[in-house]
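> I'd like to ask some things about the structure below.
The values are calculated or read from the model by the stated rules, or taken from the named source; none is laboratory data. In this text the structure is predicted, and so the values were computed from the model without any measurement. Ideal geometry is used to build each Cβ from the backbone, glycine not excepted, and the neighbour counts take in all protein chains shown.
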2 protein chains.
Amino acid sequence: MSILLLKTRLALELPPINAALDRAEATLPDSVRPVAHHIFAAGGKRLRPLLVVLTARLLGRTDTAVYDLAVTLEMLHAATLLHDDVLDDAATRRGKPAAHTVFGPTQAILAGDALLAQANAIVASFREPALCALFSCAIAETCSGEIREIEAQRRPQTAMAEYESIIRGKTAWLIRASCEMGALAAHATEAQREACAAYGEGVGMAFQLVDDALDFAPESVIGKPSGGDLREGKLTPPLRYYRDGLDAEGRTRFDDAFANGSMTEEECRAICSRIRDAGYDRRTRDDADKWLAGALSALGTLPDATERELMRQMAEYVRERKK
Amino acid sequence: MSILLLKTRLALELPPINAALDRAEATLPDSVRPVAHHIFAAGGKRLRPLLVVLTARLLGRTDTAVYDLAVTLEMLHAATLLHDDVLDDAATRRGKPAAHTVFGPTQAILAGDALLAQANAIVASFREPALCALFSCAIAETCSGEIREIEAQRRPQTAMAEYESIIRGKTAWLIRASCEMGALAAHATEAQREACAAYGEGVGMAFQLVDDALDFAPESVIGKPSGGDLREGKLTPPLRYYRDGLDAEGRTRFDDAFANGSMTEEECRAICSRIRDAGYDRRTRDDADKWLAGALSALGTLPDATERELMRQMAEYVRERKK
């Protein structure tokens, strides 16, 4: 199977999406505009706006105002990245220096606040209560996921259900909201909206699981040191499988080092190798496949049109992602 | 004139307002709930929710759901205080240790994000586009005011018009939005809504100007060192009048020290005394009176009922505030 059609369509949709982002950027207060520009110019796949546009088109909305609506989710996404990078003191984002290292933490936090505020105002300007409710829910769920992720950091006993609930909030909700937003913008039926939500949630969960698996890929493949999540104390599925495979003594030792952040660089590297050798990253990709199967099944209930095929290719892209 | 009636009504309205705040607090993620509780428990006048309730009642809304709506503006206000205190590294807030000094900056920022998200979700749950538009506008204006205030810091040439535009954003907009929200909640006429907005803006501008004047009152009166704004590099009106009164040489010296933050403690104290002796704080209160006159004139167009008298007393309270 190929994702050629998706790539072609993305090339067509990117200019109006980026133009709408430029319009939104221009409404920000002067001093934080360069911060927003920095994070948008650093790239990003524009996955969320693209999903808004595809679902809206699939369900019959044909105008161009949908681009202004679509970028609100990219703005919210950028706002969370700006705040997260300050809180994690991350050095880079999208291969470029993180915004707070260039503009300082104050400007990064204010730019995040301003982006969120402006995105919210754009959504409100559409004067549809369901859109406002959806967007405010997306903000709250994303924020809560991020907060609970920080709570769970360096806790080796975090349950799998709690992990799933965290990634549902911090990643899947925004992707789900993108698809629901497209459905709402097209005034779709309730059943169509639910199918879009289910598709988005499945793709979102799979996206994060594949990300978690990729985090243990060799540095030569991903262009950054393997095991970043391990170092940050995030018990993602590959690491959970590794921990489950340890004997009691090994697990106690692992739990201590994980909780205290006292693992040596050599131990980290050994764990990354072991995860790859045992195929725990592959197993995490299999978990992602289950979510994608659910997403595709929901997608099958939507109208048979070009955009539906593109959304199928999107699921394939998420599954096959190599970096 | 007396504000006795206002105090009596406040005593009646505080319990349902605080109960609504408790309900909202309970919906926050576990780890940030204590941070929100800290800032709400530290006190605060609940001026914003009270104004929502008074305007809503004045214009005919009688139900209790209005309390849940009213506290959204207190939540937004608390969110901005949490973020501001991190950015300014403030030691205290409302006479208690600032939240970030107790819970750390990460938790303070996340709690601010969560409060804003939850407040937005509560407003959206009322399913009225005009309320969503108003609230998103209030977030954006407040955020922009705060950003421009930081931009203007330590700039002795900041124009009076720019200063007014900053305080309109950072303070007056939320108070104006409180009054407009009450009008919208009561499905008031457009003219009534505009009168509420004008009243709120006037009271909000006056509130900040009185605050600016009080900042130069003796420590024995305000319970904190005089001239905090001077130390932080904020060119508020009393300081502007002082600077305008200097000769060319004195002004150059002042501008340098103000811009570089190199003023000695002794110089600061001398400037505070001079401001009081010359009555520059009193002149700032006169400026506030002009805004209050506008507020009262707008108020006069609203129905003649108990709440209108309470809102008049509110203006009086703002004028007479001694600390």
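> Taking helices (runs of 4 or more DSSP H) that fall entirely within the range A:238-323, which contain at least 2 residues that are within 19 Å of A:Val203 (Cα to Cα)? I'd like the intermediate steps shown before the answer.
Numbers: elements: A:248-260, A:265-278, A:280-299, A:306-320.
Helices (runs of 4 or more DSSP H) meeting the threshold: A:280-299, A:306-320.
> Restricting to the range B:24-54, count the residues that are touching a helix residue (DSSP H, G or I) at 6+ places or on another chain (Cβ under 7 Å), among the basic types (Lys, Arg) and surrounded by fewer than 18 Cβ atoms within 10 Å (Cβ to Cβ).
Adding up the residues that qualify gives 1.
> Regarding A:Ala130, is this residue buried (at least 22 other Cβ atoms within 10 Å of the Cβ) and of a type in the set (Gly, Ala, Ser)?
Numbers: buried (at least 22 other Cβ atoms within 10 Å of the Cβ): no; of a type in the set (Gly, Ala, Ser): yes.
Spelling it out, it is not the case that A:Ala130 is buried (at least 22 other Cβ atoms within 10 Å of the Cβ) and of a type in the set (Gly, Ala, Ser).
> Ok, one more. Please verify whether B:Arg193 is at pLDDT below 95 and part of a helix (DSSP H, G or I), treating the condition exactly as stated. Please lay out each step first, then the result.
Working: at pLDDT below 95: no; part of a helix (DSSP H, G or I): yes.
No.
> Check whether at least one residue in the range B:234-256 is closer than 30 Å to B:Thr55 by Cβ and either out of contact with any strand residue (DSSP E or B) (no Cβ under 9 Å at 6 or more places or on another chain) or not acidic (Asp, Glu) (or both), and report yes or no. First the steps, then the outcome.
In the first step, residues of the range B:234-256 are kept if they are closer than 30 Å to B:Thr55 by Cβ; the result is B:236-237.
The next check asks that each one be either out of contact with any strand residue (DSSP E or B) (no Cβ under 9 Å at 6 or more places or on another chain) or not acidic (Asp, Glu) (or both); those that pass are B:236-237.
Scanning the range B:234-256, I find at least one residue that is closer than 30 Å to B:Thr55 by Cβ and either out of contact with any strand residue (DSSP E or B) (no Cβ under 9 Å at 6 or more places or on another chain) or not acidic (Asp, Glu) (or both), so the answer is yes.
> Right, something else. When you check B:Asp215 against the structure, is it buried (at least 18 other Cβ atoms within 10 Å of the Cβ), closer than 22 Å to B:Ala90 by Cβ and of a type in the set (D, E, K, R), yes or no? Write out each step before concluding.
Working: buried (at least 18 other Cβ atoms within 10 Å of the Cβ): yes; closer than 22 Å to B:Ala90 by Cβ: yes; of a type in the set (D, E, K, R): yes.
Criteria met by B:Asp215.
> Still on this model: Under 23 Å from B:Ala140 (Cα atoms) and within 14 Å of the chain's Cα centre (by Cα), is that true of B:Leu28?
Details: under 23 Å from B:Ala140 (Cα atoms): yes; within 14 Å of the chain's Cα centre (by Cα): no.
Here the answer is no, as B:Leu28 does not meet what is asked.
> Scanning for something modelled with pLDDT of 90 or more and within 30 Å of A:Pro225 (Cβ to Cβ), does the range A:89-98 turn up at least one residue? Steps first, please.
Filtering the range A:89-98 down to residues modelled with pLDDT of 90 or more leaves none.
Scanning the range A:89-98, I find no residue that is modelled with pLDDT of 90 or more and within 30 Å of A:Pro225 (Cβ to Cβ), so the answer is no.
> OK, next. What helices (runs of 4 or more DSSP H) lie completely within the range B:25-108 and have 3 or more residues being touching a His at 6+ places or on another chain (Cβ under 9 Å)? Let's see the steps before the verdict.
Details: elements: B:33-41, B:47-58, B:65-88, B:99-103.
Helices (runs of 4 or more DSSP H) meeting the threshold: B:65-88, B:99-103.
> Given the options B:Leu82, B:Leu73, B:Leu69, name the one that is crowded, with 21+ Cβ neighbours inside 10 Å and within 12 Å of chain A (Cβ to nearest Cβ).
Numbers: B:Leu73 fails: within 12 Å of chain A (Cβ to nearest Cβ); B:Leu69 fails: within 12 Å of chain A (Cβ to nearest Cβ).
Residue meeting the stated conditions: B:Leu82.
> Give the residues of the range B:95-152 that are of a type in the set (Phe, Trp, Tyr) and within 20 Å of the chain's Cα centre (by Cα), sorted by residue number. Let's see the steps before the verdict.
Taking the range B:95-152 first, the residues of a type in the set (Phe, Trp, Tyr) are B:103, B:126, B:135.
Answer for the range B:95-152, where residues must be of a type in the set (Phe, Trp, Tyr) and within 20 Å of the chain's Cα centre (by Cα): just B:Phe135.
> Okay, moving on. Could you tell me how many of the residues in the range A:123-146 are farther than 15 Å from A:Gly182 by Cα and either more than 8 Å from chain B (Cβ to nearest Cβ) or part of a helix (DSSP H, G or I) (or both)? Full working, then the answer.
From the range A:123-146, those farther than 15 Å from A:Gly182 by Cα are A:124-125, A:127, A:136-137, A:139-146; that's our starting set.
After this cut, where a residue has to be either more than 8 Å from chain B (Cβ to nearest Cβ) or part of a helix (DSSP H, G or I) (or both) as well, the list is A:124-125, A:136-137, A:139-146.
Number of matching residues: 12.
> Restrict the check to the range B:106-113 and report whether at least one residue is of a type in the set (A, V, I, L, M, F, W, C), modelled with pLDDT of 95 or more and either surrounded by fewer than 22 Cβ atoms within 10 Å (Cβ to Cβ) or on the phi < 0 side of the Ramachandran plot (or both). Before you say what the answer is, go through the steps one by one.
Narrowing the range B:106-113 to residues of a type in the set (A, V, I, L, M, F, W, C): B:108-111.
With modelled with pLDDT of 95 or more added as a condition, the list becomes none.
No, the range B:106-113 has no match at all.
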